[in-house]
Amino acid sequence: GAVVSQHPSWVICKSGTSVKIECRSLDFQATTMFWYRQFPKQSLMLMATSNEGSKATYEQGVEKDKFLINHASLTLSTLTVTSAHPEDSSFYICSATPLGTIPDSPLHFGNGTRLTVT
Amino acid sequence: LAKTTQPISMDSYEGQEVNITCSHNNIATNDYITWYQQFPSQGPRFIIQGYKTKVTNEVASLFIPADRKSSTLSLPRVSLSDTAVYYCLVGGITGGGNKLTFGTGTQLKVEL
């Protein structure tokens, strides 16, 4: 149980275009999902916290107008990279915790989306 | 959020026991300690979680001393497939979810 699915698993786009990445909790509901970015040989960096029915909370240094997050339901959060540039090329990972679980329950991660901007 | 410190890398051989220690001097009273494993181009996978003393599951053991300022992940009899990055995280629930900060992680390399 507790499966998080990301789509697409990889995407190549041209500079200046926008890309949408979906994060779905397949067998549980989550009021909160998290988006991370990971560059090669580096650790995961938290970008933002996605809250169902309200605005996302962005970490310092992350442009909210560039990385649009929508959490429209208890099972889906989307991250849209707007006007993508080569420096946005990275591995994007989402995570979620089932609604109603005890504090500090482990996060369940998606398998990531490899974005390459040419 | 408690900051964690781990060795950058470790090497081992198949069949050996591997112990990875993580320091978290500023751990808060309500914080749990969680370890994740990550393979290249995949999301992290939960390994084990604990609050104090010892926790064991089918893949690993977690040892936490009384002061909780460190923890040790123990992998018994590693195999080549255990080559991965291992992350130690400490944190608590924030706003309904677990806002966790990843440290550098430990790259474990297992050889024949």
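The values are calculated or read from the model by the stated rules, or taken from the named source; none is laboratory data. Since the model is a prediction, treat every value here as computed from it, not as a measurement. Cβ coordinates were reconstructed from backbone atoms using ideal geometry, including for glycine residues, and neighbour counts include every protein chain displayed. Each accessible area value is taken on the protein alone, full model and side chains, heavy atoms only, with ligands, DNA and RNA left out. Shrake-Rupley method; radii C 1.70, N 1.55, O 1.52, S 1.80 Å.
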How many residues, within segment A:81-118, are open to solvent by 30 Å² or more (accessible area, probe 1.4 Å), hydroxyl-bearing (Ser, Thr, Tyr) and not in a loop (DSSP other than H, G, I, E, B)?
1
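Within segment A:94-117, can you find the residues that are out of contact with any helix residue (DSSP H, G or I) (no Cβ under 7 Å at 6 or more places or on another chain), at pLDDT 80 or above and more than 9 Å from chain B (Cβ to nearest Cβ)?
Step one: of segment A:94-117, the residues out of contact with any helix residue (DSSP H, G or I) (no Cβ under 7 Å at 6 or more places or on another chain) are A:94-114, A:116.
Add one more test, that the residue is at pLDDT 80 or above, and what stays is A:94-96, A:107-114, A:116.
A:Thr113, A:Thr116 - these are the residues of segment A:94-117 that are out of contact with any helix residue (DSSP H, G or I) (no Cβ under 7 Å at 6 or more places or on another chain), at pLDDT 80 or above and more than 9 Å from chain B (Cβ to nearest Cβ).
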With the requirement that a residue be within 12 Å of chain A (Cβ to nearest Cβ), touching a residue at least 12 places away in the same chain (Cβ under 8 Å) and part of a loop (DSSP other than H, G, I, E, B), what does segment B:46-60 give you?
B:Tyr51
Within segment B:37-45, is there a residue that is open to solvent by less than 70 Å² (accessible area, probe 1.4 Å), within 11 Å of another protein chain (Cβ to nearest Cβ) and within 10 Å of the chain's Cα centre (by Cα)?
yes
For segment B:33-57, what are the residues that are polar (S, T, N, Q) and either more than 17 Å from B:Ser23 (Cα to Cα) or touching a helix residue (DSSP H, G or I) at 6+ places or on another chain (Cβ under 8 Å) (or both)?
B:Gln37, B:Gln38, B:Ser41, B:Gln42, B:Thr56, B:Asn57
Can we say B:Ser79 is polar (S, T, N, Q), more than 10 Å from chain A (Cβ to nearest Cβ) and touching an Asp or Glu at 6+ places or on another chain (Cβ under 8 Å)?
yes
Being within 21 Å of A:Val4 (Cα to Cα), more than 9 Å from every other protein chain (Cβ to nearest Cβ), exposed (fewer than 13 other Cβ atoms within 10 Å of the Cβ) and at pLDDT below 90, is that true of even one residue in segment A:28-50?
no
Starting from residues that are polar (S, T, N, Q) and modelled with pLDDT under 95, keep the ones in segment B:1-22 and report whichever is surrounded by the most Cβ atoms within 10 Å (Cβ to Cβ).
B:Thr4
Please identify the pairs in which a residue from segment A:56-77 that is under 20 Å from B:Leu100 (Cα atoms) and without any contact (Cβ under 8 Å) to a residue 12 or more places away in the chain has its Cβ atom under 6 Å from the Cβ atom of a residue that is assigned to a loop (DSSP other than H, G, I, E, B) and open to solvent by 50 Å² or more (accessible area, probe 1.4 Å), counting only partners at least 6 apart or on another chain.
A:Tyr58/A:Lys64
